[in-house]
Amino acid sequence: MRVLILSVTAGYGHHATAKAVGDMLASRGAEVHTLDVYAYISNLIKTTIDKGYLFSSKHMQTLYRLVYQLAENNGASYFSSAPSIINIINALGASKFAKVLSGYSPDVIVCTHIFAAQMVDELKKRKKLDDIKTIGIVTDYTLHPYWEDVPRVQYIVTASELLTYRCVKRGIPEERILPFGIPVHPKFNRQLARRDAAAQLGIDPSMRTLLLMGGSMGYADHVKTLEILTQIGLPLQLLVVCGNNAKMKIRVEQFAAKYEGNCIIKPYGFVNNVEAMMSASDCIVSKPGGLTVSEALAKNLPMLLVDPIPGHEERNVEFLVNNGMAALITKNFPIDEAVYELFSNPVRLQTVRQTMRAIAHPDATERLAEFILQWEES
């Protein structure tokens, strides 16, 4: 079976989901190729979408939130300029991209971003992809705007069964909805005992441990967070992941070198063993990106959420907090109080883990791969 995965560069999660699905399908014998849709239409468009998303979500949050809310609540008819730009790009680029697709002759197309799904829907409308089966994946705990406007994409994968009612309200027939969960790397679905994970990391398995992550865009001010956490008075083991933010890693290292209290601070740059860190931790402090949230759910790790990007990350917060799986850090509920309350209330910790276990889909990637591969047999 030949599978083509289409993504769009706008944050990290869409590509990570594409890789998780692609690797799983390839391991089961499928021929898999992954493309960034707009890289094949126009490098300028690809760069503009990527940088525009990063800039607006960081520096124009009020406007970004407004655009998202208008699109979410009223669709294209209410705020026509945003969707019309993508529709125009897709209409102009459809013929060019159809030629790209013909070189791959896929049996199945999987879209991990709504813009890619819109392109596929446009090509389906033009009868260019009649015999190709299509699936879209929503990579957050909500239904992003415009997924209801791609009726020719046969199936839509969502993060949870709890979102099905919302999707149906938005006009998506239930038979098109696959509530498999957001696909993550299979390593997050493997059992790893806390003691074994701690041994891998060289840390104390008996000490309360927090994992601090800053999201794919490296926005988090970990030093400010450390200054607050180390004043609580609790002995904590703090695993601080700075990703590609080299300046932040240096600042954390400098703070750790000067610190003389009862906490242990472990700075990290970019890591590829987040699953071990999660297995060794009692709680994660992170931005609520769909991928990180899904990984934490798979690892049954309670969450303290910080600085959500307007729109989709705010919807992730609403889903997680309203369903008892996380707490949101705010000015009126600062991180030191959240950590103190969480560790002072073992019943709360146990309840959160039970709820996460009931709602999580750690096998989402395997389920989606099986669903796709069964088409080969039919």
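Just a few scattered comments:
- Calculated FRET value between Val100 and Ala26, using beta carbons and R₀ = 25 Å, to 0.05: 0.75
- Test item: Cα-centred dipole of region 150-254, Lys/Arg +1 and Asp/Glu -1 on Cβ, debye: 220
- Summarising the amide proton neighbourhood of Val184: residues at separation of 5 or more, or on other chains, whose placed amide H is nearer than 5 Å comprise Ala364, Thr365.
- Label-reachable residues, region 282-304, where backbone N falls under 14 Å from a point 7 Å from Ile228's Cα toward its Cβ: 285-287, 304
- Extension gain for Lys247-Arg152 works out to 29.6 nm (0.36 nm per residue, less the C-alpha to C-alpha distance).
- Net charge, Lys128 excluded, C-beta distance under 12 Å - Lys, Arg +1, Asp, Glu -1: +3
- Listed peptides 363-372, 133-142 by packing density, highest first (mean Cβ within 10 Å): 133-142, 363-372
- Reachable lysines, given that their alpha-carbon falls under 20 Å from the alpha-carbon of Lys127 and they are not under 8 places away in the same chain: Lys96, Lys99
- Accessible area (Å², per residue) of region 155-204, counting only protein heavy atoms and a probe of 1.4 Å: 52
- In order through region 266-271: 3J(HN,Hα) via Karplus (6.51 cos²θ - 1.76 cosθ + 1.60), integer Hz, x for Gly, Pro: 10, x, 9, x, 6, 10
- Amide hydrogen proximity for Val157: with H placed 1.01 Å from N in the peptide plane, the residues at 5 or more positions away or on another chain lying under 5 Å are Gly136, Ile137, Val138, Leu178.
- Report note on the peptides 163-169, 236-242, 147-153: ranked by the mean count of other C-beta atoms within 10 Å, highest first, their order is 236-242, 147-153, 163-169.
- Once the Cα-Cα distance is subtracted from the 0.36 nm per residue extended length, the Val321 to Tyr340 segment shows a gain of 5.1 nm.
- Burial ranking of peptide ranges 171-182, 311-322, 224-235 (average Cβ count within 10 Å, highest at the top): 311-322, 171-182, 224-235
The values are calculated or read from the model by the stated rules, or taken from the named source; none is laboratory data. Worth saying up front: this structure is predicted, and the values here are computed from it rather than measured. Please note: Cβ atoms are built from the backbone with ideal geometry, for glycine as well, and neighbour counts cover all protein chains shown. Side chains included, ligands, DNA and RNA excluded: accessible areas come from the protein's heavy atoms. Shrake-Rupley method; radii C 1.70, N 1.55, O 1.52, S 1.80 Å.
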